[in-house]
Number of protein chains: 2
Amino acid sequence: MKQTHLFTKTRKEAPKGEESKNAQLLIRAGYIHKEMAGVYTMLPLGLRVLKNIEQIIREEMNKVGGQEMNLTALQDKKLWKASGRWDDSVVDNWFKTKLKNDTELGLGFTHEEPIANAMVSFVNSYKDLPFYAYQIQTKFRNESRAKAGLMRGREFVMKDLYSFSKNEEEHNIFYEAMKESYMRVFGRLGIGENTYLTASNGKPFSKYSYEFQTVSSAGEDVIVIDKSKNIAINKDDFNESIISDLHLKGFEVGSEEKSVEVGDIYSLGTKYSEALGLVYKDEKGKELPVYMGSYGMSPTRLMGTIVEVLSDEGGIVWPESVAPFKYHLVLLNADKEEVKEYADSIYNSLQEKNIEVLYDDRDKPAGEKFADSDLIGIPKRIVISQKTLDQSEDERKLEVKDRKTGEVEMLLEGEL
Amino acid sequence: MKQTHLFTKTRKEAPKGEESKNAQLLIRAGYIHKEMAGVYTMLPLGLRVLKNIEQIIREEMNKVGGQEMNLTALQDKKLWKASGRWDDSVVDNWFKTKLKNDTELGLGFTHEEPIANAMVSFVNSYKDLPFYAYQIQTKFRNESRAKAGLMRGREFVMKDLYSFSKNEEEHNIFYEAMKESYMRVFGRLGIGENTYLTASNGKPFSKYSYEFQTVSSAGEDVIVIDKSKNIAINKDDFNESIISDLHLKGFEVGSEEKSVEVGDIYSLGTKYSEALGLVYKDEKGKELPVYMGSYGMSPTRLMGTIVEVLSDEGGIVWPESVAPFKYHLVLLNADKEEVKEYADSIYNSLQEKNIEVLYDDRDKPAGEKFADSDLIGIPKRIVISQKTLDQSEDERKLEVKDRKTGEVEMLLEGEL
């Protein structure tokens, strides 16, 4: 994509009142637009990153047998009354609205109730279990405070998978598989080394549970890390009984770090299946409630977390797996016809090879272009200038700079 | 995908109170689940169809230079007050909600206001124009009546593109290009021959405008068609002045047909840019409001329309371009090891070639399998039975039946 075609522009200053680093950088670079606190529009560059994150998650969910679907935002009060989660005294972050005939509706902040209800049509026998369904969908949470940019949204994207098993034993096998699946996602997103499987209380679903915490100064949690075992415990829940109950004997108390919760996996038991009538008949014809689990992870929060964890003083540093483009082709001396033509030819040849490239073809000073390029944070920058053309055509090498390390390589066009 | 793995099942009866043919068939075949009137969950098969429709639209929007983004559902009252569209007396299908501090918010039923507001950050000069931005996103409309299945949703997916031009002349060039772009979309979706560019009043935006109407007995509109010119006029707006004002002289009044509005394209003029302060400086430094257009089309409504228009007494008939799978591989005599193994091998070999196939590997009677297959509506059905295996291995042919025409071909495996 040519930058002269892209309608967004970078800006020098973040908007007033935007406190979080992730939102400041993402707004300045033209990835997102703030509608109101905790509510952000995805601009073209932002949507590209978000879709890359979603695709990595989708691939990993498919690998564990997940079937993708898409539930609705509008929620039927009846289902949430059945589980006891309708009242604002129980759930304090509902957004609610009304039909013309005054029927109250909710906006989904999670989907245990509607998915259990939908599955009643499809589950009869033990032969129908286990299975796993997930969605990548917009959630609404009426947060009273939303100052953390993409890290805590009032409207945000969530991947939520739900597992449906015959019993606790069958459930536990999948629950363990999901721990590994989640760590694979974080690894592919470039935050694997900063992210810990973290034992915590299981509120609101169970006594204990696991979450995933990424070490970041922007985090709202604190975790106690055992680096030798690559595991952590949420400091709020750290005590002897969580260690013994979760069989974490030998946990070595290491450093305490601020961290962001980037995922959680819950054993729900039969609470929702009993409330919504999701039952199956076992081999002997006996009717039993389905054993459920739920597994959350927010692509938008992950986008914010990646920016918080990996950016530097120059701007964003995207890992290649989620970057909006692989290369940022930066043309200097745009006023010189020969240089411009050569840069155009490199752009066209990368396009033909289906290599994703953002082409800064704007007629702007080099300093401004480099500052914008650092801010936008594409992994590799190719610079084309009069100097490039001054080399003999046979041995013409291109300057390719790594955004993360700053290392510069001189490569022949074919080596890109 | 194996049908024994798919968690959905077909059902013989549509749920009570579901009047529309599209929702009846889509629910019976396991494409969608009804949450409430006008609000449907996309099950795995349904999501596959929806994504295929969205991808066709996306490709055509990119072709005309559209840049994809994603605005939010939650709406800031301030922007809609500025344009005069906040009050329920002006817009009668708002869903509204509230923040904890009692600030009123809306749920977006369209996005002229927020997109004009977002673009204020990016438009300064005539050099920034024209450009085109679009999204494929969930809209909310508080319809008092919602009995048409996917054809009129309270929560539904919309593709809405907005054009930003310097003046009416520049706008008109793009507006004409969009007429063709839309017809290409309907053509690729398999309803091109039933769909007419239709002149109508331009409410609520302008005096006249164009919409696209697909002939269907389920439609809520009536159009007057001139088949020789391949154009129609909405019957409600049919009179001499629309013919002369839109330069439709020589319009030959042909048949009147019930029809579904599947798209609309509006010239907005400067109403929203003036209200939201979206201005640019021309060559002489004079400040002028941007000339806008908006172009809507709903992938979910299109999904419902395709079912209404193309289904037959046996069930759904998907065009290949949107079908959830290209082939439905149906195994008969599933209890016979040799037959099952052969069908498995065909399934694996299609999977390896990345040919999308749904494999009915269930142990069920042939009649039930064929009825399910007709209902689900995949374009080509391959039947594997003892009869297939009875042929000599060298010349073994597969029975391939076309869902639409009913024609049966006998093909070698390599000919698929």
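Only the coordinates and a few stated rules stand behind these numbers; no lab work does. Computed from a predicted model, the values in this text were never measured in an experiment. In this analysis, Cβ positions are derived from the backbone assuming ideal geometry, glycine residues included, and neighbour counts consider all displayed protein chains.
What to note about this one:
- Given in Å, the Rg to one decimal and the Dmax to the nearest whole number for the Cα atoms of region B:214-340 are 23.9, 82.
- Ranked by how many other Cβ atoms sit within 10 Å of their own Cβ, fewest first, the residues A:His5, B:His171 fall in the order A:His5, B:His171.
- Within 10 Å of each Cβ in A:316-324, the average number of Cβ atoms from other chains: 0
- Spin-label model, B:Lys12/B:Asp394: points 7 Å from Cα along the beta carbon direction are separated by 4.8 nm.
- Its Cα centre serving as origin, region A:21-310 has a Cβ charge dipole (Lys and Arg +1, Asp and Glu -1) of approximately 920 debye.
- Pairs of Cα atoms farther than 22 Å apart, region B:327-415, %: 19
- Sorted fewest first by neighbouring Cβ atoms within 10 angstrom, B:Leu332, B:Leu43 come out as B:Leu332, B:Leu43.
- The magnitude of the dipole of the protein assembly as shown, with charges of +1 and -1 set on the Cβ of Lys/Arg and Asp/Glu and taken from the Cα centre, is near 1900 debye.
- Placing unit charges on each Cβ (+1 for Lys and Arg, -1 for Asp and Glu) gives chain A a dipole about its Cα centre, and among A:Asn333, A:Thr270, A:Gly254 the Cα reaching farthest toward its positive end belongs to A:Thr270.
- Partners of B:Lys229 within straight-line reach, counting lysines whose Cα lies under 24 Å from its Cα and excluding those fewer than 8 residues away in the same chain: B:Lys179, B:Lys207, B:Lys249, B:Lys258.
- Taking amide H as placed 1.01 Å from N in the peptide plane, the amide H of B:Tyr208 sits under 5 Å from that of B:Gly202, each at least 5 places away or on another chain.
- Electrostatic bookkeeping for B:Tyr266 treats Lys and Arg as +1 and Asp and Glu as -1; over the other residues with beta carbon under 10 Å from its beta carbon, the sum is -2.
- Note that region A:2-11 has calculated 3J(HN,Hα) couplings of 7, 5, 5, 8, 4, 7, 7, 9, 7, 9 Hz, one per residue in order, obtained from phi through the Karplus relation 6.51 cos²θ - 1.76 cosθ + 1.60 (θ = phi - 60°); glycine and proline are x.
- Taking a Cβ cut-off of under 13 Å around A:Val317, the surrounding Lys, Arg, Asp and Glu residues balance to a net charge of 0, with basic ones at +1 and acidic ones at -1.
- Counting only Cα atoms, the size of the protein assembly as shown along its three principal axes is 84, 83, 66 Å, in decreasing order.
- Dipole check for region B:327-415: with +1 at the C-beta of Lys and Arg, -1 at the C-beta of Asp and Glu, and the Cα centre as origin, the magnitude is about 380 Debye.
- Counted without the sites themselves, the longest stretch of chain B free of GluC sites (Glu not before Pro) in a DSSP loop having at most 12 other beta carbon atoms within 10 Å is B:20-219.
- For region A:151-227, fraction of C-alpha pairs farther apart than 19 Å, in %: 48
- For A:Phe109, residues with placed amide H under 5 Å, excluding near neighbours: A:Phe140
- Among beta bridges from DSSP that stay inside region B:270-416, the antiparallel ones total about 60%.
- By the equivalent-ellipsoid construction on the alpha carbon gyration tensor, region A:76-221 comes out with semi-axes of 27, 25, 14 Å, ordered largest to smallest.
- Backbone amide hydrogens, once placed in the peptide plane, bring A:Asp226 within less than 5 Å of A:Ile231, A:Ala232, A:Ile233, A:Gly254, excluding anything fewer than 5 places away on its chain.
- The residues A:Met151, B:Met183, A:Met42, when put in order of fewest to most other Cβ atoms within 10 Å, stand as B:Met183, A:Met42, A:Met151.
- Taking a ≥ b ≥ c as the square roots of the eigenvalues of the Cα gyration tensor, an a/c ratio of 1.5 or more together with a/b no larger than b/c marks region B:21-310 as oblate.
- Dipole of the protein assembly as shown, positive direction: furthest Cα of A:Leu6, A:Ser89, B:Trp94, with charges on the beta-carbon: A:Ser89
- Computed 3J(HN,Hα) for region B:399-404, one whole-Hz value per residue from the Karplus formula 6.51 cos²θ - 1.76 cosθ + 1.60 where θ = phi - 60°, is 7, 10, 10, 7, 4, 7, glycine and proline marked x.
- Karplus-derived 3J(HN,Hα) values for region A:407-415, using 6.51 cos²θ - 1.76 cosθ + 1.60 with θ = phi - 60°, are 5, 10, 10, 9, 10, 5, 3, x, 7 Hz; glycine and proline are entered as x.
- Based on C-alpha pairs under 8 angstrom that are at least 6 apart in sequence, region A:12-79 has a relative contact order of 16 percent.
- Farthest towards the positive end of the charge dipole of the protein assembly as shown, among the residues A:Val224, B:Ala37, A:Ile32, is the Cα of B:Ala37, using unit charges on the Cβ of Lys, Arg, Asp and Glu.
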